[in-house]
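Here is the structure we will look at, set down as structure tokens.
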Amino acid sequence: MKNNFFASKLFTILASIFFAVILFFNASSVALRNQGNSTTGEVYATTISNVPIELKYNTDEYFASGYNNTANVYLTSYNRVQINTEENPDSRNFYLVVDLSNAREGTVTMPVRIQQLPNGINAQIEPTTLTVRLEKKASAEFNVTPVIEEAQLPEGFKVNDINLSQEKVKVTAGETSIKQIHAIQAALPSDAYLNDDYSGTVTLHAVDADGKLLPAQINPATVQMKVSVEKPSKTVPVHVKKTGKLDQSLSDIKTSLSHKTVTISGEQSALDKVDSVDATVNISGVTQKETVNVDIQAAGVSVKPSQVEVTLTPVKK
């Protein structure tokens with residue numbers, strides 16, 4: 001009877017169900033262990049540009065210059081989650097380093113190493129080496145020189161005054177480089193156009209006698225610059241311009257101005273186009289003497305005063 005059961009159709013069905021359950025749980029366990037990995041064997045890859053390079057050297061004794069402080073890193077992995085993590089600078093584990101701890105004064109070339117790269121990720125670095133110039137460290141104090149290009153001033157404009165929040169700064173560089181510093185420049189940003197007074201933050205740069213940038217640490221690295229400009233100007237007459245309908249009880253409305261002339265300022269080409277300005281006043285409904293304030297405007301120039309008083313005196317028929 002026992003032998004007949006193992007040979008029966010019922011036993012075969014029960015055994016099939018048992019092995020199917022075993023295979024299901026085994027597959028589920030493998031899937032959980034591989035969660036986040038590519039189940040198809042696909043390799044994920046990415047190139048991360050401009051990854052910062054950390055230099056390790058004796059910063060008390062030496063000053064490093066003449067090197068590119070970033071590299072490109074090519075990553076590959078079967079794990080897409082890991083690749084995404086390393087792509088994001090905020091969640092990244094790895095970093096690049098060049099060890100110059102045993103280097104001496106002069107120009108040295110050392111390999112770029114990757115540190116703390118997670119298991120399961122392969123990396124290639126470009127470039128693989130970094131050439132650095134090491135000099136004995138030196139410091140000195142320099143005056144700050146403001147710089148404004150001629151093209152940044154409109155036609156006829158003049159710089160009245162330049163004020164810097166810091167007139168002297170401390171500069172640290174190599175012994176050779178610091179001797180080549182001709183000036184510490186506070187250059188007005190290239191996109192600034194002085195058609196009016198300027199106030200803003202300006203980055204400082206060390207330059208040699210030819211205006212070439214030199215490697216240096218400047219403290220502070222920025223200053224506040226204020227520039228006042230003098231605009232071309234001239235005096236022009238003010239004409240009253242009446243608009244609207246004269247009341248039927250009046251034969252006229254006489255006008256008088258608080259300012260018969262105003263000063264206009266701006267680029268010379270705009271000034272040349274303006275010989276007078278209008279004070280436009282609406283006389284509709286005016287039957288008694290009154291004084292109104294009228295704004296004065298002219299194309300391409302500023303006007304001072306920008307408002308005048310016009311006194312309206314009705315003349316009865």
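When the criteria are applied in full, Leu96 fails the requirement of being surrounded by 19 or more Cβ atoms within 10 Å (Cβ to Cβ), farther than 14 Å from Val132 by Cβ, at pLDDT 95 or above and under 32 Å from the mean Cα position of the chain (by Cα). Among residues of the range 118-128 being in a loop (DSSP other than H, G, I, E, B) and of a type in the set (S, T, N, Q), the one that is least open to solvent (accessible area, probe 1.4 Å) is Thr128.
I'm checking my understanding of the structure. Among residues of the range 262-301 that are of a type in the set (S, T, N, Q) and farther than 26 Å from Pro314 by Cβ, which one is surrounded by the most Cβ atoms within 10 Å (Cβ to Cβ)?
So the residue we want is Ser265.
When Ser276, Ser228, Ser265 are checked against the criterion of being in contact with a Pro (Cβ under 9 Å, 6 or more places away or on another chain), under 24 Å from Ala192 (Cβ atoms) and of a type in the set (Gly, Ala, Ser), a single residue qualifies: Ser265.
Okay, residues lined up against (1) acidic (Asp, Glu); (2) within 14 Å of Ile148 (Cα to Cα); (3) out of contact with any helix residue (DSSP H, G or I) (no Cβ under 9 Å at 6 or more places or on another chain):
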position: Lys179; (1), (2), (3): no, no, yes
position: Gln185; (1), (2), (3): no, yes, yes
position: Tyr193; (1), (2), (3): no, yes, no
position: Gly200; (1), (2), (3): no, yes, yes
position: Thr203; (1), (2), (3): no, yes, yes
position: Ala206; (1), (2), (3): no, no, no
position: Ala209; (1), (2), (3): no, no, no
position: Leu214; (1), (2), (3): no, no, no
position: Pro220; (1), (2), (3): no, no, yes
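The residues in the range 192-216 that are of a type outside the set (Ser, Thr, Tyr) and within 21 Å of Ser165 (Cβ to Cβ) can be counted, and the count is 11. Of all residues in the range 131-141, one or more are touching a helix residue (DSSP H, G or I) at 6+ places or on another chain (Cβ under 8 Å) and either under 30 Å from Asn84 (Cα atoms) or among the acidic types (Asp, Glu) (or both).
The values are calculated or read from the model by the stated rules, or taken from the named source; none is laboratory data. Note that the structure is a prediction, hence the values are computed from the model and not measured. Positions of Cβ are backbone-derived with ideal geometry, glycine not excepted, and every protein chain shown enters the neighbour counts. Protein only, heavy atoms only, side chains kept; ligands, DNA and RNA dropped before computing areas. Shrake-Rupley method; radii C 1.70, N 1.55, O 1.52, S 1.80 Å.
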